[in-house]
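To start, the structure under review is shown below, and the notes come after it.
The values are calculated or read from the model by the stated rules, or taken from the named source; none is laboratory data. Because the structure is predicted, anything quoted here is derived from the model rather than measured. Every residue, glycine among them, receives a Cβ derived from its backbone with ideal geometry; neighbour counts consider all protein chains shown.
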Amino acid sequence: MRRNIFVRMGKTDVSPVTGGADITIDMIDNFNTLDRGMNQLLERLFKLNVRPSECAIDLMIVATSVYAADTGVSRERYADDKWTRMINLSIPVSDPEIWDGVKSKLSAMLRFLTGDHWTFTFRPRPKGFEEIARLPEKLDLTDFTHVSLFSGGLDSLIGTIDLLAAGERPLLISHYWDGEASSAQRKLLDVLEARHGNAFESIRAYIGFRKTDFAEAGSDNNQRARSFLFYSLAILAADAVGSTEKVLIPENGLIALNVPMESLRLGSLSTRTAHPHFINSMSDLIGDLGIGATLENPYRFKTKGEMVAGCLDPNLLAELSLMSMSCSHPAQVRFESAAPQHCGRCVPCLIRRASLNSGLKIPDTTEYFLDDLHSNTLDSKSADGKNIRSFLFAADNLRRNPERARYLVLKPGPLDRSELDRYIDVYRRGMDEVSDLLKGVSATHGG
């Protein structure tokens, strides 16, 4: 069942034709500025005396609209196969002709990222919103060397520590919606600022939608389109500042590749947040839009453990790693009467534990809900054992059939053939790290 979502820009915008919209989202607040946290991000940029292009602002609005649809339209209710949704978005932009020219690339990229079918209708922004960016009051004197994503996770922390230790001056861009991610970001940034002073700037964007915004549609918690929004915010910042166009996406190679652990669990490692094909697709999109930014994952050929071991300030990493948040759903342990924390059993938690186990010279003292992996035989039908048994299965299969690594790394999506051997190697090394963590761990398929 196709869901038609009409994105409206204030009272001067047109209204959807009768029956043409299942959901209408207004992106303008009562103060006649961009809503949903977007204006706060722009205000932070304006304070730096930088000005993004209108097309880069369009990208943020488009990405916010996609994020709204992704989190607001229930797969269970509106996907015929309980997974693949069909979503059409009507969005006002500064230049519909430019956006019409990238429709197919945008739809294909989001199809890869979320698994859904996306179609778009672009129309002109309404009167009064032709230009949203303000002229700076002063000259752009920014001296940023990079714009870098900062999620509050271990990888983005290492990326930031490495940049600062190398004498670079990054502009860190964060997106948050849940309290755990926000808390991790804030704590880490406070310590980094205390240590490095004004060697960096950070902008945190609180952009999201509540369940009540889509009461008629239900909700979906997969958030597979979040990376499109996250990248778009960083691209907007890079487009605005005059000193750099470099956007860094710090993510270890094992998570980035998203290799399935079992044949029926494609993409089970994570969403395709940093898959090379998604990064390349995003690069092509912004290139066609004429937006000034370049995307790179500098750690795509490193395992998480290698990122930990190679961190340029290991003492600071050892101190701050405890504050970072890697868990995919830290709040879910509330259902087991525990405060939000690392669950210790999801795929990101297991890869985190493996990386600290292999990369740090001191014990990992992170508090995990499932703290001791060896105390009991784990049931793969339970939350404790499901992902662990899958990892054990995948690692054993790789040991018995090492030649399958080439096939497996290509299964989630296309890769540059000139770099294929390096992706195969980082996959093998990453799986070895997790295998070392799980030595002696037992997980069975209970009755």
Report task. Go through the stretch 1-22 and give me each residue that's within 23 Å of M86 (Cβ to Cβ) and crowded, with 20+ Cβ neighbours inside 10 Å. Result -> R3, I5, F6, V7, R8
Query raised in the report: Picking from D364, D416, D421, D372, which residue would you name as being more than 25 Å from L312 (Cβ to Cβ) and at pLDDT below 95?
Result: D372
Query raised in the report: What number of residues within the stretch 333-349 are touching a residue at least 24 places away in the same chain (Cβ under 8 Å) and more than 18 Å from L437 (Cβ to Cβ)?
Result: 5
Report task. Please find, within the stretch 232-251, the residue that is farthest from E54 (Cα to Cα) out of those that are in contact (Cβ under 8 Å) with a residue 60 or more places away in the chain, touching a Gly at 6+ places or on another chain (Cβ under 7 Å) and not aliphatic (A, V, I, L, M). Result -> P250
**Report entry** Number of positions in the stretch 348-376 that are surrounded by 21 or more Cβ atoms within 10 Å (Cβ to Cβ) and closer than 17 Å to L254 by Cβ
**Finding:** 10
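Matching residues to (1) without any contact (Cβ under 8 Å) to a residue 12 or more places away in the chain; (2) part of a helix (DSSP H, G or I); (3) touching a Gly at 6+ places or on another chain (Cβ under 9 Å); (4) under 17 Å from L257 (Cα atoms):
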site: A405; (1), (2), (3), (4): no, yes, no, yes
site: V409; (1), (2), (3), (4): no, yes, no, yes
site: L415; (1), (2), (3), (4): no, no, no, yes
site: D421; (1), (2), (3), (4): yes, yes, no, yes
site: R428; (1), (2), (3), (4): no, yes, no, yes
site: S435; (1), (2), (3), (4): no, yes, no, no
site: V441; (1), (2), (3), (4): no, no, no, no
Report summary line: Every listed condition ((1) within 30 Å of W177 (Cα to Cα); (2) over 23 Å from the mean Cα position of the chain (by Cα); (3) surrounded by fewer than 22 Cβ atoms within 10 Å (Cβ to Cβ); (4) touching a residue at least 12 places away in the same chain (Cβ under 8 Å)) holds for D379 save (1)
Query raised in the report: Any chance the stretch 84-99 includes a residue that's of a type in the set (S, T, N, Q), touching a helix residue (DSSP H, G or I) at 6+ places or on another chain (Cβ under 7 Å) and farther than 22 Å from I279 by Cα?
Result: yes
Query raised in the report: Would the stretch 276-292 turn up any residue that is assigned to a loop (DSSP other than H, G, I, E, B), buried (at least 24 other Cβ atoms within 10 Å of the Cβ) and at pLDDT 95 or above?
Result: no
Report task. Report yes if L316 is in contact with a Leu (Cβ under 8 Å, 6 or more places away or on another chain) and either surrounded by 15 or more Cβ atoms within 10 Å (Cβ to Cβ) or at pLDDT below 90 (or both), otherwise no. Result -> no
Query raised in the report: strands (runs of 3 or more DSSP E) wholly in the stretch 94-206 with at least 1 residues that are in contact with a strand residue (DSSP E or B) (Cβ under 8 Å, 6 or more places away or on another chain), charged (D, E, K, R) and at pLDDT 95 or above - which ones?
Result: 117-124, 201-206
Requested in this report: Give just the number: which of (1) at pLDDT 95 or above; (2) surrounded by 12 or more Cβ atoms within 10 Å (Cβ to Cβ) does G385 not satisfy?
Outcome: (1)
Query raised in the report: Is it true that R186 is farther than 26 Å from V73 by Cβ, without any contact (Cβ under 8 Å) to a residue 40 or more places away in the chain, buried (at least 18 other Cβ atoms within 10 Å of the Cβ) and not polar (S, T, N, Q)?
Result: no
Report task. Might you check whether a residue that is under 25 Å from F209 (Cα atoms) and modelled with pLDDT under 95 occurs anywhere in the stretch 242-254? Result -> no
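Of everything in the stretch 23-37 that's in a loop (DSSP other than H, G, I, E, B) and among the polar types (S, T, N, Q), which residue is surrounded by the most Cβ atoms within 10 Å (Cβ to Cβ)?
T33
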**Report entry** Only one of A56, A68 that is on the phi < 0 side of the Ramachandran plot, at pLDDT 95 or above, of a type in the set (A, V, I, L, M) and assigned to a helix (DSSP H, G or I)
**Finding:** A56
